[in-house]
Amino acid sequence: MTGNGPTIEQTRRALTARFAAADIETPELDARLLIGDVLGLDLTGLVAQSTRRLTDDDANQLEAFAVRRLAHEPVARIIGMKEFWGLPLRLSRDTLVPRPDTETVVETALALIDKTESLAVADLGTGSGAILLALLSECPRAIGVGTDISLDALRTAMRNAGELGLVDSAGFVACDYGAALTGGFDLIVSNPPYIRSAEIAALDKDVRDHDPLCALDGGVDGLDAYRIIARDCARLLKPGGVVVVEVGHDQSTAVQGLLAASGLSQAAPPGRDLAGIPRAISGRKT
């Protein structure tokens, strides 16, 4: 249904200007994504239908979205969806918004395994299931389990597994990291909380006010989760099995040391993100 309001192109320009004036980092992209979600159009569709006019309902919904974005709520949270590793993932209150940096964990893990093998994979603190489901999408014979202390996150991860056709290879367990798991894993992955407690307040509003605190706060030195994961990996990995974890920008040496203290040797050089920062640290059980 076409309305009598402004066209898509007029709306995009106006919304982009509002976001730019508010110092939103990616004003044009955010405007396109929000308009597209309201109208059910992808970016190509927005261009092809640029002269289509918005209805009053469209305009009202878009204005509600705009107000939320101007309050620094991330676009992914407003529309409830984020793409990761080419997979559309639903989000919820207790899940992080998956970030491109975390794809470094997937890349590093895939380089350390044989994708054609029957593998057992664990994702500790799975959130939306992003890392686990990305790996299972690349490894057709693998099975995996994601753990999380949040039932809300686990429900979201299970829904994502179902919508991606991976429900038969992915299971989910409520527990703290690997506490409820027994051994026998070929690969363990995790993107745990690693922000130092004292640094939370200085985070961007998009993160600080909207990502779950328990998925951000890594304790006084930011390493609390890695101490637990290192112990879990020593118990849960098969001989020859590997672990890959995401780390903060200055934590690679410390986390490698924690893995070594648990008897895990370095499996590969640190995987670096697009900015060249060591982001994925690995260990192997001998």
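The values are calculated or read from the model by the stated rules, or taken from the named source; none is laboratory data. These numbers come from a predicted model, not from an experiment. Note: ideal-geometry Cβ built from the backbone for every residue, glycine included; neighbour counts use all protein chains shown. Heads up: the accessible areas ignore ligands, DNA and RNA and are worked out on the full protein's heavy atoms, side chains in. Shrake-Rupley method; radii C 1.70, N 1.55, O 1.52, S 1.80 Å.
Kindly state which helices (runs of 4 or more DSSP H) lie completely within the stretch 83-181 and contain at least 3 residues that are open to solvent by 30 Å² or more (accessible area, probe 1.4 Å).
Ranges flagged: 103-112, 151-163.
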Query raised in the report: within 21 Å of I131 (Cα to Cα), open to solvent by less than 20 Å² (accessible area, probe 1.4 Å) and polar (S, T, N, Q) - does that describe any residue in the stretch 257-269?
Result: no
Requested in this report: Specify the residue that is surrounded by the most Cβ atoms within 10 Å (Cβ to Cβ); the eligible residues are those in the stretch 195-217 that are of a type in the set (G, A, S) and more than 17 Å from the chain's Cα centre (by Cα).
Outcome: S197
Query raised in the report: Which residues, counting only those in the stretch 30-53, are touching a residue at least 12 places away in the same chain (Cβ under 8 Å) and either among the acidic types (D, E) or open to solvent by 40 Å² or more (accessible area, probe 1.4 Å) (or both)?
Result: D30, R32, L33, D37, Q49, T51, R52, R53
Query - Complete set of residues in the stretch 233-249 that are open to solvent by 20 Å² or more (accessible area, probe 1.4 Å) and over 15 Å from A280 (Cβ atoms) - result: A234, R235, K238, P239, G240
Query - The lone exception for A267 - which of (1) assigned to a loop (DSSP other than H, G, I, E, B); (2) without any contact (Cβ under 8 Å) to a residue 60 or more places away in the chain it fails - result: (2)
Query raised in the report: For the stretch 239-286, what are the residues that are of a type in the set (K, R) and more than 20 Å from D101 (Cβ to Cβ)?
Result: R284, K285
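When you go through A76, A59, A21 one by one, which is the residue that is without any contact (Cβ under 8 Å) to a residue 24 or more places away in the chain and surrounded by 13 or more Cβ atoms within 10 Å (Cβ to Cβ)?
Of the residues listed, the single one that is without any contact (Cβ under 8 Å) to a residue 24 or more places away in the chain and surrounded by 13 or more Cβ atoms within 10 Å (Cβ to Cβ) is A76.
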